[in-house]
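Everything on this sheet refers to the single structure shown next.
FYI, it's all coordinate maths here, none of it is from the lab. All figures in this text were calculated on a predicted structure; none of them were measured in a lab. Using ideal geometry, Cβ is built from the backbone for each residue, glycine included, and neighbour counts are taken over all protein chains shown.
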Amino acid sequence: MSDFFTLASLVFVVGSGIRLATPMLLAGLGEAIGQRSGVLNLGVDGVMLLGAFGAYYTILETGSAVAGILVGVAVGLIMGLAYGVITVTFGAEQGISGIGIYLFGLGVSDLLFQKQVGTPLPIRGFSDWHIPFLSDIPRIGEMFFQHSVLVYMTFLLVPVVAFLINRTTFGLDLRAVGENPAAADSLGVSVARVRYSAIMIANLLAGLAGAVLAIELGIFQQNLTNGQGFIAIALVYFGAWRPTGVMAGALLFGLVSSTVLQWRTLGIVSGAASSLMAMAPALLTIVALVVISRTVGQPSALTRPFDRGK
């Protein structure tokens, strides 16, 4: 256990935790936008899987990480359009529709992988970018300033999304539609337009999250996300629908996961104990949700379809 309490171990845990938090943060930011409009998408994990495979296969065929990112984003937009038609245009029940999207993404990504690739093959993504001067700070630089551009981009999105929600006309409409769509409609706000826009942004970020996950890991396999999409949904509740709160939850989850990984590497836990410890991040999330759900209220119109004629 003493091997864990060293500077080298701390550097690994923090640096790895930030990387592990990145895909969940991206998906969580998107889901926060979607839920603020009153739309819950339980299919985030499925969209992430499709985005991950799309990016992985594109890089495998072209060698271009940028092309992989663009394909991941395109997959997210397509799935967002589909989910918008299902939930906004046809008013289908959001929980069931989301599970359908998840199962679709899980099955199709695995089928495409088996048919088009078969055996996991490594890909090369973006090299780590060492931020000048800051990356040279002993220990601190290694933990925070020696990551890929995808990690930096994700954390820079937090204030951007916060500004979008709290300081723009679109954000005002978004919050109004999520709280009282009938009142928003009476003031001339198009509920359908706002919800479609929110769903498209949310799924774009989910597809991007899947692409980032595949690129950072450098591989694709069945169920690559391992439930990270569902964790991202939980993080929205954990963060009380605030981008900074979602970021805090993602970092907490990433650091706990990284700690468990380091314990396994050092042989501190093994066998059954290792399996039990692997459950720690999920258990921590559940406990946090139980505590926070008692003090924070969700958007009033969340999961409620809006029919202008009623």
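Which of Ile33, Ile123, Ile131 has the fewest other C-beta atoms within 10 Å, and how do the rest follow up to the most?
Ile131, Ile123, Ile33
Can you give me the distance in nm between label points at Asp128 and Gln114, each placed 7 Å from the Cα along the Cα-to-Cβ direction?
Taking the two extended label points, one gets 3.8 nm.
When a footprinting reagent is the concern and you count Cβ atoms within 10 Å, what order do Met24, Met247, Met79 take, fewest first?
Lowest to highest Cβ neighbour count: Met247, Met79, Met24.
Tell me the net charge near Phe144. Cut-off is 14 Å between Cβ atoms, Phe144 excluded, with +1 for each Lys or Arg and -1 for each Asp or Glu.
-1
Starting at the first residue of segment 159-166, write each ³J(HN,Hα) from the Karplus equation 6.51 cos²θ - 1.76 cosθ + 1.60 with θ = phi - 60°, in whole Hz, x for Gly and Pro.
3J(HN,Hα) across segment 159-166, in whole Hz: x, 5, 5, 4, 5, 4, 6, 9.
Quote the charge dipole size of segment 64-215 about the Cα centre in Debye, to the nearest 20; the model charges only the Cβ of Lys and Arg (+1) and of Asp and Glu (-1).
160
Using a Gaussian network model of the chain whose springs link C-alpha atoms within less than 10 Å, name the residue from Gly15, Gly68, Gly46 with the highest mean-square fluctuation.
Gly15
Got a sec to turn the phi values of segment 147-158 into Karplus ³J(HN,Hα) couplings, 6.51 cos²θ - 1.76 cosθ + 1.60 with θ = phi - 60°, whole Hz, x for Gly and Pro?
Taking θ as phi minus 60°, the curve returns 10, 6, 4, 5, 5, 4, 4, 4, 6, 6, 5, 4 Hz for segment 147-158.
Taking R0 as 41 Å, what FRET efficiency do you get between Asn226 and Leu187 from their Cβ-Cβ distance, rounded to the nearest 0.05?
Once the sixth-power term is evaluated, E becomes 0.40.
Roughly how many Å is it from the Cα centre of segment 161-182 to that of segment 16-42, as a whole number?
17
Along the Cα→Cβ direction, 7 angstrom out, place labels at Thr265 and Thr169. What is the inter-label distance in nm?
Using points 7 Å along Cα→Cβ, the separation is 5.0 nm.
Given H placed 1.01 Å from N in the peptide plane, which residues other than close sequence neighbours of Trp129 have an amide H under 5 Å from its amide H?
His147, Ser148, Val149
Relative contact order for segment 23-229 using alpha-carbon pairs under 8 Å, separation at least 6, rounded to a whole percent?
So the answer I get is 45 percent.
For helix 228-238, report the angle its Cα long axis makes with the longest principal axis of the Cα atoms of the chain; keep it between 0 and 90° and round to the nearest 10°.
With both axes taken from Cα atoms, the answer is about 70 degrees.
Report, by chain and number, residues whose modeled amide H sits under 5 Å from the one on Phe220, excluding near sequence neighbours (fewer than 5 apart, same chain).
Sorted by chain and number, the residues that satisfy this are Leu121.
Which residue, Gly105, Gly188, Gly17, has the most motion in a Gaussian network model of the chain that connects Cα atoms within less than 10 Å?
Gly188
Using the count of nearby Cβ atoms within 10 Å as a rough guide to exposure, how do Ser148, Ser109 rank from fewest to most?
Placing the least packed residue first, the sequence is Ser148, Ser109.
Rounding to the nearest 10 and keeping the result within 0 to 90°, find how far the Cα-based axis of helix 94-116 lies from the longest principal axis of the chain.
Result, in degrees: 50.
Hey, got the dipole for the chain? About the Cα centre, +1 on K and R Cβ, -1 on D and E Cβ, debye to the nearest 20?
520
Show me, for segment 200-217, the HN-Hα J-couplings you get by feeding each phi into the Karplus relation (A = 6.51, B = -1.76, C = 1.60, θ = phi - 60°), rounded to Hz, glycine and proline as x.
Going residue by residue, I get 5, 5, 4, 6, 4, 5, 5, x, 5, 4, x, 4, 4, 4, 5, 5, 5, 7 Hz, with x marking Gly and Pro.
Given Phe170, Ala202, Ile140, which one lies farthest toward the positive end of the charge dipole of the chain, if we put +1 on the Cβ of every Lys and Arg and -1 on the Cβ of every Asp and Glu?
The one lying farthest along the dipole's positive direction is Phe170.
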